[in-house]
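Have a look at the structure below before the remarks.
A short reminder: the numbers here are calculations on the coordinates, not readings from a lab. Treat the numbers as computed from the prediction; the structure is a model and nothing was measured. Quick reminder, even Gly has a Cβ in these numbers, built from the backbone with ideal geometry, and neighbours come from all protein chains shown.
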DNA sequence: ATAATAATGATAATGATTATCATTATTGGG
DNA sequence: CCCAATAATGATAATCATTATCATTATTAT
């Protein structure tokens, strides 16, 4: 991976932007100051940087991937209502990981955990008026590591 | 959510197919026996069923979403090399979840955990010839729940 | 300084998913 | 049991995110 002005700009912008932007969002942000940088370059760099572990790619939120300049081990909470992403500065135990390796007989190199639900703001807003049609969605949350 | 023949067929097919298919794959499978069912119907039903918690939507693997008829709490391992998905029949402790709720001050209704790495098969195949360019990818795996 | 080659930018192309809309099927009253 | 309300369907157009292409430019090891 060679250096390039554009790569630096993308990294810096991601750092500044803070709120787990999509490639598209970050591109628009960058475009304000650097109208000469193309979309493809932003996509390319974000992907390359995340492949190398220098940034984090977060998937499974909405349609698109989000990116996070923080590579410290942490997880995410996504509000089902407003879509906002919150950081959860938490680690997972090595015990869990070795358990998983045991189960699968596979070598684990990375993992991803994300929680969903309602953030405080949305919960307050929707108090009394349920945003979900029925209770089918009230998911069973597991009890104890097995 | 009303009943329909198509919904039953989609659910049954997902059950039969077993291997965490994408909507597209499942559509092709269904199409063999039921050429009258459209793609949109398969997509619609899979999404609706997963919203209701009757099946599981798995995201963040490749470009597309996969679906899983098993709603028992479990996680997934995805091979970075061949893309195969393995089940990990594991639960997460309530302690972790309440910790996460504490951190975020949000109400958690569901969670998702996925591991990545190399499956046994691919590891054997690639022994000696590293498929990754460098060691930057050897991700720091966290130590102990903090 | 230079040759090899990785990165760039513009844009076309792709792939997955959703929206549209006229038609059909399901369902809870009467 | 029939009927009105409306959810579901199928075909296809449209959208959205992302990747491929390719000629040009920039970086880097020698």
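Based on alpha-carbon centroids, what's the gap between the stretch A:91-124 and the stretch B:40-102 in Å, whole number please?
Here the answer is 12 Å between Cα centres.
So what is Rg over Rh here for the stretch B:1-71, counting just Cα atoms and using Kirkwood for Rh?
Rg divided by Rh gives 0.92.
What does the C-alpha gyration tensor say about the overall shape of the stretch B:1-121? Classify as rounded when a/c is under 1.5, otherwise prolate if a/b is larger than b/c, or oblate.
oblate
Give the average, rounded to an integer, of partner chain Cβ atoms located within 10 angstrom of each Cβ in B:85-92.
5
Using Cβ counts within 10 Å as a stand-in for footprinting exposure, how do A:82, A:106 rank, fewest first?
A:82, A:106
Does the stretch B:52-129 come out rounded, prolate or oblate, given a ≥ b ≥ c as the square roots of the eigenvalues of its C-alpha gyration tensor, rounded meaning a/c under 1.5 and, failing that, prolate meaning a/b above b/c?
Cα axes put the stretch B:52-129 in the prolate bin.
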